[in-house]
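Take a look at the structure set out below.
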Amino acid sequence: MTLRIGTRRSRLALAQAAEVAERLRANGVETEIVGITTSGDRDTVVTGPAGLKGMFVAEIVRALHDGEVDVAVHSAKDLPAEDEDGLVLGAVPERASPLDVLVTRDGDLPPDSVVGTSSLRRQAQVFRWRPDVLLKDLRGNVDTRLRKLAEGELDAIVLAAAGLMRLGIVPEHAAPMSVTEIIPAPGQGCLAIQARADDAPTLEALAALDHTATRTALIAERSVMRRLGGGCALPLGAFADVEEGRVRMVAGVFSPDGAREARTAVEAEDPEDAAALAEGDLRASGSDEILAAVRP
């Protein structure tokens, strides 16, 4: 069988799809990568944080539903909190680094430095970590962002460590941000491989790529996002890991100006139980009010 892999056309998305294709070929499964342009790739104007939800996955999901591709490969952090009807996560491979990375132009970040990011989650936490810097909205792919940094438009940018690793980019001045400094986006560092729920041969082929601990962590993180009614572009961070059969998770909701936060650390045997505990703590700390202020 030859599995058609649907993906965005960006360099990072194609690298992710190639990673999945290589793993499938190692198990004797032939593949074909099918590039798809999404609305998130076309649109240059964003109406609000919730408007980003699913912009990078909708067309790929449609192609999967319509049988134009057999699997879809996404950055898990781009997925909406709710699962798509008729589709399942056929595999969640072992996670790459979940951390964010601060990339500076010359290795320093003095007061009044300009830091570029388009993420409300990152913006809020940078403000809490360094209230003496300035934030500038920054969009575009990884190469574009690094070019703007090199040209002096900014003094620093915040990127996902996994994206840099998958592109083989090693910036000269890059410092990983601990989870204490910046809680990652739900699913950051994870690949989500979707398939049709009724496509048994494809699901069988994907099963060998699944990493149980990573899937469990992703379930917990997406559940927190779903329970709070958040989208992938809202200022919500969640990171879980699994040790000795227990799910440990940190999660937080932040006002974009960094003035307010709701933060928790929980532990449970089940990912949904961990998510429920985190939801309770965050709501008790004011997460609903913080999120209401940034929703349209």
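Among the residues of the range 85-101, some residue qualifies, meaning at least one is more than 16 Å from the chain's Cα centre (by Cα) and either part of a helix (DSSP H, G or I) or free of Cβ contacts under 8 Å to residues at least 12 places away in the same chain (or both). Does at least one position in the range 97-104 carry a residue that is at negative phi, among the acidic types (D, E) and surrounded by fewer than 19 Cβ atoms within 10 Å (Cβ to Cβ)? Checking the range 97-104: not a single residue is at negative phi, among the acidic types (D, E) and surrounded by fewer than 19 Cβ atoms within 10 Å (Cβ to Cβ). Selection of the range 272-293 for residues being touching a Ser or Thr at 6+ places or on another chain (Cβ under 9 Å) and buried (at least 18 other Cβ atoms within 10 Å of the Cβ) yields A274, A275, L277, A278, E279, L282, I290. Quick check on the range 182-200. Is at least one of its residues within 27 Å of D137 (Cβ to Cβ) and surrounded by fewer than 17 Cβ atoms within 10 Å (Cβ to Cβ)? Looking for residues that are within 27 Å of D137 (Cβ to Cβ) and surrounded by fewer than 17 Cβ atoms within 10 Å (Cβ to Cβ), one finds none in the range 182-200, hence no. Among the residues examined, G245 qualifies as on the phi > 0 side of the Ramachandran plot and either of a type in the set (D, E, K, R) or surrounded by fewer than 24 Cβ atoms within 10 Å (Cβ to Cβ) (or both).
When the range 1-32 is limited to residues that are surrounded by fewer than 14 Cβ atoms within 10 Å (Cβ to Cβ) and of a type in the set (A, V, I, L, M, F, W, C), the one that is farthest from V71 (Cα to Cα) turns out to be A26.
Within the range 252-271, residues that are surrounded by fewer than 20 Cβ atoms within 10 Å (Cβ to Cβ) reach partners that are hydroxyl-bearing (S, T, Y) and not in a strand (DSSP E or B) with beta carbons closer than 8 Å, at six or more positions or on different chains, in the pairs R263/S285.
Values quoted throughout were computed directly from the atomic coordinates according to the rules given, and no laboratory measurement underlies them. Predicted model, so just to flag it, every value in this text is computed and none were measured. FYI the Cβ positions are ideal-geometry reconstructions off the backbone, even for glycines, and counts take in every protein chain you see.
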